[in-house]
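Peer 1: The structure follows.
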Amino acid sequence: MERLDKRLTGTGKWSRTEAKALIRAGRVAVDGTVCRAPEQKTDENASVTVDGAPVESGPVYLMLHKPAGVVSSTDDPRETTVLSLLPEEYRRRGLFPVGRLDKDAEGLLLLTDDGPLAHRLLSPKYHVDKVYYVEVDGALDESDVSALAEGVVLGGGTRCLPARLEVLEGGRSARVTIQEGKYHQVKRMLASRGKPVTYLKRTAFGPLVLDPTLPKGGWRALNLPEIQALFRH
Ligand code: URA
């Protein structure tokens, strides 16, 4: 059971003050009956409407095409954050990015307010593939493919899990697939091979593929098959 005003604010569309005002104005109905008491406890299965339109309160899943120059944190006093690219209602809901992309990296970022799902997707136990398109200074070759397949050892002695490297365009670019998310991992793996990354873009995260119609900075809600695929993963 949850307070009616809380049920409304949970959507991110209204502040607590606005929710209370809507309820007191008689614009909110619970299972078809107008309720004017913000503190009224409502069952999570009850149908709540505002001006007759249903209030959706389930978790939100968004795909963002992160542009370079914005940081993946939710809050930063000096930098532009990925959340500032979203409408106010999503910021109020407490969405957060599932994993991070570096400030200079681009590509697919999943944002949600579903903590348990995010936790599973980020856990190395679940082996979620992350695919990156990279450009490097130098030329990647078969020795790099083998080294990544074995698991490179980063400066400081950290060993990475085996990763897949598919060399493209004569070695100046490649697709890299990793299943973990160490700090600057792809850049550090390729730097350890003497081929520093000059451009990095995440093209897939588990079953999700970056929507080619999304411009940089653009976002959209995941569709039902995408959400189902994430849960099946
Ligand atoms: N690896 C990196 O080096 N940077 C990212 O943003 C993601 C993976």
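The values are calculated or read from the model by the stated rules, or taken from the named source; none is laboratory data. For clarity, every value in this text was computed on a predicted model and none was experimentally measured. Cβ coordinates were reconstructed from backbone atoms using ideal geometry, including for glycine residues, and neighbour counts include every protein chain displayed.
Peer 1: Would you mind stating whether Leu108 is buried (at least 16 other Cβ atoms within 10 Å of the Cβ), within 12 Å of the ligand (Cβ to nearest atom) and over 23 Å from the mean Cα position of the chain (by Cα)?
Peer 2: Numbers: buried (at least 16 other Cβ atoms within 10 Å of the Cβ): yes; within 12 Å of the ligand (Cβ to nearest atom): yes; over 23 Å from the mean Cα position of the chain (by Cα): no.
Taking the combined requirement at face value, the residue does not satisfy it.
Peer 1: Take Val128 and tell me if it is under 22 Å from Leu108 (Cβ atoms) and either within 16 Å of the ligand (Cβ to nearest atom) or polar (S, T, N, Q) (or both).
Peer 2: Values: under 22 Å from Leu108 (Cβ atoms): yes; either within 16 Å of the ligand (Cβ to nearest atom) or polar (S, T, N, Q) (or both): yes.
Yes: the conditions hold for Val128.
Peer 1: Yes or no: region 9-20 includes at least one residue that is surrounded by 13 or more Cβ atoms within 10 Å (Cβ to Cβ), of a type outside the set (Asp, Glu), modelled with pLDDT of 95 or more and over 16 Å from Glu88 (Cα atoms).
Peer 2: Yes; the residues of region 9-20 include at least one that is surrounded by 13 or more Cβ atoms within 10 Å (Cβ to Cβ), of a type outside the set (Asp, Glu), modelled with pLDDT of 95 or more and over 16 Å from Glu88 (Cα atoms).
Peer 1: Check Glu106 against each of (1) without any contact (Cβ under 8 Å) to a residue 24 or more places away in the chain; (2) under 11 Å from Gly217 (Cα atoms) and name the one condition it does not meet.
Peer 2: With (1) without any contact (Cβ under 8 Å) to a residue 24 or more places away in the chain; (2) under 11 Å from Gly217 (Cα atoms) applied to Glu106, the lone miss is (1).
Peer 1: Quick one: in region 62-81, of everything that is modelled with pLDDT of 95 or more and among the small types (Gly, Ala, Ser), which residue is nearest to the ligand (Cβ to nearest atom)?
Peer 2: Step by step, filter region 62-81, then rank; the result is Ser72.
Rundown of residues vs (1) buried (at least 16 other Cβ atoms within 10 Å of the Cβ); (2) touching a residue at least 40 places away in the same chain (Cβ under 8 Å); (3) part of a strand (DSSP E or B), yes/no style:
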{"residue": "Asn45", "(1), (2), (3)": "no, no, no"}
{"residue": "Glu56", "(1), (2), (3)": "no, yes, no"}
{"residue": "Pro59", "(1), (2), (3)": "no, yes, no"}
{"residue": "Arg92", "(1), (2), (3)": "no, yes, no"}
{"residue": "Asp102", "(1), (2), (3)": "yes, yes, no"}
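Peer 1: May I ask you to list the residues in region 132-147 that are more than 26 Å from the chain's Cα centre (by Cα) and of a type in the set (A, V, I, L, M)? Steps first, please.
Peer 2: Quick first cut of region 132-147, residues more than 26 Å from the chain's Cα centre (by Cα) only: 137-147.
Those that are more than 26 Å from the chain's Cα centre (by Cα) and of a type in the set (A, V, I, L, M): Ala139, Leu140, Val145, Ala147.
Peer 1: Between a first residue in region 171-197 that is in contact (Cβ under 8 Å) with a residue 24 or more places away in the chain and over 15 Å from Gly99 (Cβ atoms) and a second residue that is more than 9 Å from the ligand (Cβ to nearest atom) and in a helix (DSSP H, G or I), which pairs have beta carbons less than 6 Å apart while being 6 or more apart in sequence or on different chains?
Peer 2: Within 6 Å, the pairs are Arg193/Asp144.
Peer 1: Restricting to region 78-132, give me the number of residues that are closer than 21 Å to Gln228 by Cα and touching an Asp or Glu at 6+ places or on another chain (Cβ under 8 Å).
Peer 2: 3
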